[in-house]
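Just so it is clear, none of the values below were taken in a lab; they were calculated from the coordinates. From a predicted model like this one, the values you see are computed outputs, not experimental measurements. Reconstructed Cβ throughout: ideal geometry from the backbone, glycine too, with neighbour counts over all protein chains shown.
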Amino acid sequence: MKTFLLTLLLALSVASCDSQRTSTSTNSTESGAVASTGTDIPESDLAGEVSIATLDARHEGMAKAYFAGGCFWCTEASFTRIQGVDDVYSGYAGGDLVNPTYEDSNTATSGHAESIVVYYDSTEISYDKLLDIFFVAHDPTQLNRQGPDVGPQYRSAIFPLNAEQRQQAEAKIASLNASGTFDKKIATTIEDPVHFWVAEPYHQDYYEDPTNPNQGYVQGVSRPKVEKVMKTFKDILKPEYQ
């Protein structure tokens, strides 16, 4: 009975990240290396929150990559720790709905996946290395889910911003499948570039927020993924994470 109760309590504490979130909302533009933005996308889209156009301008000169690998709390924190990564933001991509909120994404009908945008210095880290990190930061063999999070909003996806990124993503998936690195075939989709809508402020740096480290989902789901990335890529961690 004691074992059963402990198992039940752990399951309830981890649950899915859906049950441990609240809300607000936000946003978009594209191309591999980020130049100054001449776009008709507004500086902010909803409630004064920042848009991807504003972020692109803020990270002018940086290269950019879009990934979806389940809960964005986990992938954002994983990439944040890597040398050459300038900044990472959580958001929504892959769907047609304009200005999606977290609730819109969570309905599984918006077409959007929880995603991240990674701004990085291509002289320090390559897109190919980012792909390596991506495939360690989550389970790419799970279709439309990551652990306790189920639905197409948690799908594994890559959104290449140019032909070179697409070719590298395709080659990486083919190589991993051929190598037998995973027990099952990779379910990651390679999808056409779409607008990236920046998620609500409370989702940004969620893993780093000092009020969240003991939160059940962070402890049970996010932390193991982040620690796996840190162990696998310990030679390229930023000094503060070594």
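If you plug the beta carbon distance of Asn162 and Asn99 into 1/(1 + (r/R0)^6) with R0 = 30 Å, you get a FRET efficiency near 0.70.
With unit charges on the beta carbons (Lys and Arg positive, Asp and Glu negative) and the dipole taken about the Cα centre of the range 147-242, which residue among Pro148, Ile158, Ala178 sits farthest to the positive side? Farthest along the dipole direction, towards plus: Ala178. Listed values for the range 159-164 are Karplus-derived 3J(HN,Hα) couplings in whole Hz (6.51 cos²θ - 1.76 cosθ + 1.60, θ = phi - 60°), namely 10, x, 9, 7, 4, 5, and x replaces Gly and Pro.
Restricting the GluC sites (Glu not before Pro) of the range 69-154 to loop positions (DSSP other than H, G, I, E, B) with no more than 14 neighbouring Cβ atoms within 10 Å leaves Glu124. Here each label is just a point 7 Å from Cα along the line to Cβ, and for Lys129 and Asp205 those points are 2.4 nm apart.
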